[in-house]
Amino acid sequence: MRVLIVGCGYVGLPLGAELVRLGHEVFGLRQSASAESELKAAGIQPFFGDVTKPETLAKLPRELDWVVNCVAAGGSAEDYRRVYLQGTYNLIEWLAPNPPKKFIYTSSTSVYGQTDGSQVKESSPTEPLVETAKVLLETEKLLLAAVAERKFPAVILRVAGIYGPDRGHWFKQFLKNEARMEGDGSRFLNMIHRDDLIGCIIAALKSGRPGEIYNAADDEPVNQMHFFQWLAQALDKPLPPSEPENPDSARKRGVTSKRVSNRKLKMELGCRFKYPNFRKGYSAELLRLDRAAS
C-alpha cells in the first residue's frame, strides 16, 4: 500500500516505521524539515508542508491507498480550529477527486463531556464544555458529512490520553514532585500506550468501516487515587498532596470523569493490546528509564 501520514511526529513517525517494516511504501508530511533525517532513517519518504496552507499539499504524491491524519495542534481553540478543522477540510478537498481507500482521523475522547464516572461508548452523548473539544467534534462531523455526501472513506478514532517514552502528563508531574491530587482522587483517567495506538491505527486502516467511530483506549480506566498509589509504591515515593476541587475552574478546563469503553474497537477491529492497562505500560517505561540512567 502507498500510505501518507499527515503529522509524522510522536505517533506518526513510529507508525510510519512500523508500516515500512510491514512492507508498505510510506510518505510522511511534516511542517518542518528538522526531522528529515529521522524520517529517512525509518524508511519514510519525507515531505514538508502545512495542512492549513492547501497550496503546500499540491506537491504530495497521488494515487494513495491509505491516509492517516494525526497532526497535533497547540493548546488554544484558535489553533485547534486552524489545524484540525480547516486542515482536515483542506485534506478532504485535496483528496476528494482521487480518494484513498481509507482515511484515518485521530480525534480525542475529550469530546465526551461526562463528569459522573459513567462508562461511555461511541454512541454516548458528546457534549464537551471546552472549545478545543468542540472543535474536534466539529471536525468529526465534517468528516462524517463527507462520508455521507461524497463517499469519502473516513474512519474516526477517539484517542484517550497517550503515554509512552517521554510522554505522560501525570507521570511526568509525579516524577518532578509537581503532581496534585484533585479532591479525593476519584476522577477517572483514560489512557493508551503509543505502541498500542499504532496497532489500533493499523487495524483501522485494514478493517475500519468508513463512517464509523472507534474509541482507542486501553482496557482499564483508572481513578487518580489508584494511579498515584501504584506510582508511589513502584517508585517508593509519597502520594502527591491533594488540593480542593474548584467546580468553576474544572468546568473551564473541561475536566471530565468517565470510563471509556474500547469494546467496539476490540470486537470489530480485533485489536489486542501489548499494554492493556497503565500498570503494564508504565512498568515498561520505568524499566526503560532505569536502563537509560544506568
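Pick from Ala203, Ala216, Ala179: which is in contact (Cβ under 8 Å) with a residue 12 or more places away in the chain, farther than 17 Å from Glu122 by Cα, surrounded by 15 or more Cβ atoms within 10 Å (Cβ to Cβ) and touching a Cys at 6+ places or on another chain (Cβ under 6 Å)? From the options Ala203, Ala216, Ala179, the qualifying one is Ala203. Within region 32-86, if we keep just the residues that are among the aromatic types (Phe, Trp, Tyr) and under 21 Å from Ile156 (Cα atoms), the residue that is surrounded by the most Cβ atoms within 10 Å (Cβ to Cβ) turns out to be Tyr84.
Just wondering, is there one or more residues in region 92-100 that are open to solvent by 70 Å² or more (accessible area, probe 1.4 Å) and in contact (Cβ under 8 Å) with a residue 40 or more places away in the chain? Scanning region 92-100, I find no residue that is open to solvent by 70 Å² or more (accessible area, probe 1.4 Å) and in contact (Cβ under 8 Å) with a residue 40 or more places away in the chain, so the answer is no.
Is at least one residue of region 118-140 touching a Pro at 6+ places or on another chain (Cβ under 8 Å), under 15 Å from Leu265 (Cβ atoms) and of a type in the set (S, T, N, Q)? No, every residue in region 118-140 fails to be touching a Pro at 6+ places or on another chain (Cβ under 8 Å), under 15 Å from Leu265 (Cβ atoms) and of a type in the set (S, T, N, Q). When residues in region 112-126 are screened for being under 19 Å from Cys200 (Cα atoms) and not in a loop (DSSP other than H, G, I, E, B), 1 of them pass. Listed by position, the helices (runs of 4 or more DSSP H) inside region 14-99 whose residues that are on the phi < 0 side of the Ramachandran plot and over 22 Å from the mean Cα position of the chain (by Cα) number at least 1 are 36-41, 87-95.
Applying the set (1) outside any strand (DSSP E or B); (2) modelled with pLDDT of 95 or more to Leu129 leaves exactly one unmet item: (2).
Do we have Phe174 as outside any helix (DSSP H, G or I), open to solvent by less than 20 Å² (accessible area, probe 1.4 Å), out of contact with any Asp or Glu (no Cβ under 6 Å at 6 or more places or on another chain) and not charged (D, E, K, R) here? No: the conditions fail for Phe174.
Modelled with pLDDT of 95 or more, surrounded by fewer than 22 Cβ atoms within 10 Å (Cβ to Cβ) and within 28 Å of Leu157 (Cβ to Cβ): which single residue out of Arg251, Arg194 fits that description? It would help to see each step written out before you state the result.
Working: Arg251 fails: modelled with pLDDT of 95 or more.
Selected residue: Arg194, the only one of Arg251, Arg194 that is modelled with pLDDT of 95 or more, surrounded by fewer than 22 Cβ atoms within 10 Å (Cβ to Cβ) and within 28 Å of Leu157 (Cβ to Cβ).
When the residues of region 164-199 are narrowed to those that are among the aromatic types (Phe, Trp, Tyr) and out of contact with any helix residue (DSSP H, G or I) (no Cβ under 6 Å at 6 or more places or on another chain), which ends up nearest to Gln119 (Cα to Cα)? So the residue we want is Phe188.
The values are calculated or read from the model by the stated rules, or taken from the named source; none is laboratory data. Because the structure is predicted, anything quoted here is derived from the model rather than measured. Don't worry about glycine lacking a Cβ; one is built from the backbone with ideal geometry, like all the others, and counts go over all protein chains shown. Protein only, heavy atoms only, side chains kept; ligands, DNA and RNA dropped before computing areas. Shrake-Rupley method; radii C 1.70, N 1.55, O 1.52, S 1.80 Å.
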